[in-house]
Every structure is written in structure tokens, then in C-alpha cells.
Amino acid sequence: MILTLSSKGQLVLPAPVRRQLGLKPRARLRLTMGDGSVNLAPVATRPEPVPHLPPGAVRLSQRDYDLDQLAGPDFGPDFT
């Protein structure tokens, strides 16, 4: 498949590709480069927000969520 780079440096992924990968508007893709090639892969996103939170739950901002994802599961206090 051949894609054309726009004058603004943008690419358009054809609809069949977006459907096959389950990409929606504002989906995030990871770009990797190597050996003269460019690869794009979907990035796992957080689940859709819950309309109402259960008692005791805390809503994270996108920034806090992203920081938690970067930190990984072994970061932070142990509450056990």
C-alpha cells in the first residue's frame, strides 16, 4: 500500500486499515524506525470514562494516568 505525505507532513490511513486495527479518531500510534523503515502500531489507550464513579473512587486526569502508565506497576507505595 502506498501513502502520500501531505505538505504538512501528515499521512492518511485508509479506512479499511483503520477498521481492521479498530482505530478511532484521536487514536494514538507508536512510531518506530529501523533499517530505513518506519513502523506504526496502535498504542493501548485507557478505557472509556465511567459516567459516575463508585464511592471512594478517584478520577485521574489524563496527565496523572499517563504518568502512572510510564511509572509501571512496581512504582509507588505498597498498600498490602
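The values are calculated or read from the model by the stated rules, or taken from the named source; none is laboratory data. It should be emphasised that the depicted structure is a prediction, and the values quoted were computed from it without experimental measurement. Glycine also receives a Cβ, built like all others from the backbone with ideal geometry; neighbour counts cover every protein chain displayed.
Among the residues of the range 1-40, write down those that are loosely packed, with under 10 Cβ neighbours inside 10 Å and small (G, A, S).
S6, S7, G9, A15, G22, G34, G36, S37
Go through the range 37-57 and count every residue that is modelled with pLDDT of 75 or more and more than 20 Å from L13 (Cα to Cα).
The qualifying residues number 6.
Within the range 1-51, count every residue that is in a helix (DSSP H, G or I), without any contact (Cβ under 8 Å) to a residue 12 or more places away in the chain and under 18 Å from the mean Cα position of the chain (by Cα).
We begin by selecting, within the range 1-51, every residue in a helix (DSSP H, G or I); these are 15-21.
Remaining after also requiring without any contact (Cβ under 8 Å) to a residue 12 or more places away in the chain: 15-16, 18-20.
So of that shortlist, the ones also under 18 Å from the mean Cα position of the chain (by Cα) come out as 18-20.
Of the residues in that region, 3 qualify.
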